[in-house]
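So the structure is just underneath, and the comments pick up after that.
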């Protein structure tokens, strides 16, 4: 397996769009919008492509050989600069390869958004919503925040967008573009534990959907099967579950 030079990333856009598990994360790399790595098999002809997003999500397109999968498993087991690898796939053959390895297998719900759907306003009286900018970005706390999937604040502010909810001067929730491609935007949401079950996530995610549709793109949503809060938010916003992917990660990794 060999690494592709960034100047050649756009040559793999069709491979990214052809991924059966997800389009937006592989395309965000191939289209040069977000940071990540692309690897291909050794040899004269490209048979498999591995997209490894900055956030750690990995996707394989094509027909990987056992050697190719062995290399990816090696990445998964190593610290590799303390960067995690979480492989997401709809390919049962890939799942079978990893089944007897030292990994954890989980399921990930993927959603689509009906483009004709009306987005209803969510009442969040007492909170103030602002667009994410250079002044409030550093005040967003939690795990699924812009720094989760964007390499730098400058990169996010240039290419991405999002919204935050304030309780007076405290940021209590945020929704943002976790992944962006030419035709899709994946939404990331984080709500401080003191402010959950108040409708903040749905309100901010709904605002994101409106903006995404205005841009002529499709909203994307996904979450671990165990994340019932994310599921409830997705359904409130009008997303429809349309498939289940397998998540493969190093055993005991977060």
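What the table below lists for this structure:
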{"quantity": "Of all residues making up the stretch 137-156, the number that are over 16 Å from residue 28 (Cβ atoms) and surrounded by fewer than 17 Cβ atoms within 10 Å (Cβ to Cβ)", "calculated": "7"}
{"quantity": "Of residues in the stretch 120-135 being surrounded by 16 or more Cβ atoms within 10 Å (Cβ to Cβ) and at pLDDT 90 or above, the one nearest to residue 155 (Cα to Cα)", "calculated": "132"}
{"quantity": "Lone unmet requirement of (1) surrounded by 14 or more Cβ atoms within 10 Å (Cβ to Cβ); (2) more than 25 Å from residue 106 (Cβ to Cβ); (3) more than 18 Å from the chain's Cα centre (by Cα) for residue 206", "calculated": "(3)"}
{"quantity": "Residue selected from the stretch 5-36 under the condition over 23 Å from residue 112 (Cβ atoms) and within 15 Å of the chain's Cα centre (by Cα), by the criterion surrounded by the most Cβ atoms within 10 Å (Cβ to Cβ)", "calculated": "36"}
{"quantity": "Total residues in the stretch 77-104, condition within 18 Å of the chain's Cα centre (by Cα) and at pLDDT 90 or above", "calculated": "7"}
{"quantity": "Criterion violated by residue 117 - all others in (1) under 19 Å from the mean Cα position of the chain (by Cα); (2) modelled with pLDDT under 95 satisfied", "calculated": "(1)"}
{"quantity": "Check on residue 184, in contact (Cβ under 8 Å) with a residue 24 or more places away in the chain, more than 17 Å from the chain's Cα centre (by Cα) and not assigned by TED's automatic domain parsing to the domain that holds residue 28", "calculated": "no"}
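Here's the yes/no breakdown for (1) more than 30 Å from residue 13 (Cα to Cα); (2) under 21 Å from the mean Cα position of the chain (by Cα); (3) in contact (Cβ under 8 Å) with a residue 24 or more places away in the chain:
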{"residue": "129", "(1), (2), (3)": "yes, no, yes"}
{"residue": "140", "(1), (2), (3)": "yes, yes, yes"}
{"residue": "144", "(1), (2), (3)": "no, yes, yes"}
{"residue": "150", "(1), (2), (3)": "no, yes, yes"}
{"residue": "161", "(1), (2), (3)": "no, yes, yes"}
{"residue": "169", "(1), (2), (3)": "yes, no, no"}
{"residue": "172", "(1), (2), (3)": "yes, no, yes"}
{"residue": "177", "(1), (2), (3)": "no, yes, yes"}
{"residue": "180", "(1), (2), (3)": "no, yes, yes"}
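The values are calculated or read from the model by the stated rules, or taken from the named source; none is laboratory data. Predicted, not measured: the structure shown is a model, and the values here were computed from it. In this analysis, Cβ positions are derived from the backbone assuming ideal geometry, glycine residues included, and neighbour counts consider all displayed protein chains.
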